[in-house]
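The values are calculated or read from the model by the stated rules, or taken from the named source; none is laboratory data. It should be emphasised that the depicted structure is a prediction, and the values quoted were computed from it without experimental measurement. For neighbour counting, all protein chains shown are included, and Cβ atoms are generated from backbone atoms with ideal geometry for every residue, glycine included. For the accessible areas, the whole protein counts, side chains as well, though only heavy atoms, and no ligand, DNA or RNA atoms are used. Shrake-Rupley method; radii C 1.70, N 1.55, O 1.52, S 1.80 Å.
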Amino acid sequence: SIASADMDLNQLEAFLTAQTKKQGGITADQAAVIAKFWKNHRMKIHESLINQSRWDNVLKNMNWRVDLKSQSRHVDQINTPVAIVEMELGKNGQ
């Protein structure tokens, strides 16, 4: 719950306090250990969850432009915008 919500310190404290008050919950010592662990490893845990949720390919680069037709057989097609998007995909971590 802590990791999936990416809790800040205030949220963490409120969550752990609620867990200590629940019947069959954790002790105050356990809450202190969990809080210390989360404070020290929050970024590593967050990055790990993000990496696990990604697909194999990631977006490496993206280029785009908008072109306008300046000549056409039909007058109504002149100045019609056309978007061109180029996306470069690569393997995660490469």
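Brief remarks on what is shown
- A single entry from MET7, MET62 fulfils the requirement of being open to solvent by less than 100 Å² (accessible area, probe 1.4 Å), touching a helix residue (DSSP H, G or I) at 6+ places or on another chain (Cβ under 7 Å) and not in a helix (DSSP H, G or I): MET7.
- Pairs with Cβ under 8 Å, 6+ apart, first in the stretch 55-81 and under 23 Å from LYS91 (Cβ atoms), second of a type in the set (A, V, I, L, M, F, W, C) and surrounded by 10 or more Cβ atoms within 10 Å (Cβ to Cβ): ASN57/LEU89; VAL58/LEU89; LEU59/MET87; LEU59/LEU89; LYS60/LEU89; ASN61/MET87; MET62/MET87
- On the stretch given as the stretch 4-41, residues that are charged (D, E, K, R) and touching a residue at least 24 places away in the same chain (Cβ under 8 Å) total 2.
- In the set (1) open to solvent by 60 Å² or more (accessible area, probe 1.4 Å); (2) touching a residue at least 12 places away in the same chain (Cβ under 8 Å); (3) touching a Leu at 6+ places or on another chain (Cβ under 6 Å), SER1 fails one condition alone, (3).
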